[in-house]
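The values are calculated or read from the model by the stated rules, or taken from the named source; none is laboratory data. Note that the structure is a prediction, hence the values are computed from the model and not measured. Counting neighbours? That spans all protein chains shown, and the Cβs are built from the backbone with ideal geometry, glycine included.
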Amino acid sequence: MEKWFNVGKIVNTHGIKGEVRVISKTDFPDERYAPGKQLFLFMPGATNPIELTVNSHRTHKSFDLLTFKGYENVNDVEKMKGGLLKVREDQLSELEEDEFYFHEIIGCLVFTTKGEEIGKIKEILTPGANDVWVVKGKGGKDILIPYIDEVVKKVDVKEKIILIDPMEGLLS
């Protein structure tokens with residue numbers, strides 16, 4: 001069975017020339033949305049994805065604006081609103097050492113270097129200088145872990161385990 005990875009959601013059209021507004025869910029928009037790249041559109045309730053080829057990409061405010069080959073005007077793309085843009089697993093690129101895809105980190109169990117279980121990563125925030133991992137703590141409270149060398153000591157995505165050395169006040 002093919003594995004799919006979400007790279008964005010079409011939230012609206014933009015203008016009359018077939019451009020769509022995308023809320024991006026990828027760390028690599030310039031690579032993912034480069035002209036000629038293939039994306040697959042999954043519409044709610046549809047059984048099969050629609051294969052799309054990126055024609056153009058630009059950013060506007062907090063959106064990525066895309067056009068697709070063969071979809072030249074607003075009427076062609078209006079029906080795409082609400083659809084998810086995905087790529088196949090074989091379209092993922094190799095990452096550098098100490099770089100990870102979100103799907104590799106979400107679901108990992110977090111422990112301190114002293115062996116205390118903190119909880120499971122449920123979400124990743126990207127507010128600026130570094131990512132922040134949202135951990136669902138054992139008591140149900142969310143704990144925010146900055147992905148920085150001083151805190152994150154070991155990431156084992158195969159075993160789904162992360163070791164941290166929490167700085168003072170991080171867990172309280």
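Quick notes
- Matching residues, segment 4-37, being surrounded by 14 or more Cβ atoms within 10 Å (Cβ to Cβ) and of a type in the set (G, A, S): G8, G18, S24
- So G82, is it touching a strand residue (DSSP E or B) at 6+ places or on another chain (Cβ under 8 Å) and either more than 21 Å from N130 (Cα to Cα) or outside the structural domain of K122 (by TED's automatic domain parsing) (or both): yes
- If you go through segment 50-59 and keep only what is surrounded by fewer than 18 Cβ atoms within 10 Å (Cβ to Cβ) and touching a Lys or Arg at 6+ places or on another chain (Cβ under 8 Å), you end up with T53, N55.
- Scanning segment 38-49 for residues that are surrounded by 14 or more Cβ atoms within 10 Å (Cβ to Cβ) and touching a helix residue (DSSP H, G or I) at 6+ places or on another chain (Cβ under 8 Å) yields a count of 3.
- Here S62 clears all of (1) under 14 Å from G8 (Cα atoms); (2) at pLDDT 95 or above except the condition numbered (2).
- Number of the exception - S93 against (1) in contact with a helix residue (DSSP H, G or I) (Cβ under 9 Å, 6 or more places away or on another chain); (2) surrounded by 12 or more Cβ atoms within 10 Å (Cβ to Cβ): (2)
- Lone qualifier among L171, L163, L84 - being within 30 Å of G15 (Cβ to Cβ) and in contact (Cβ under 8 Å) with a residue 40 or more places away in the chain: L84
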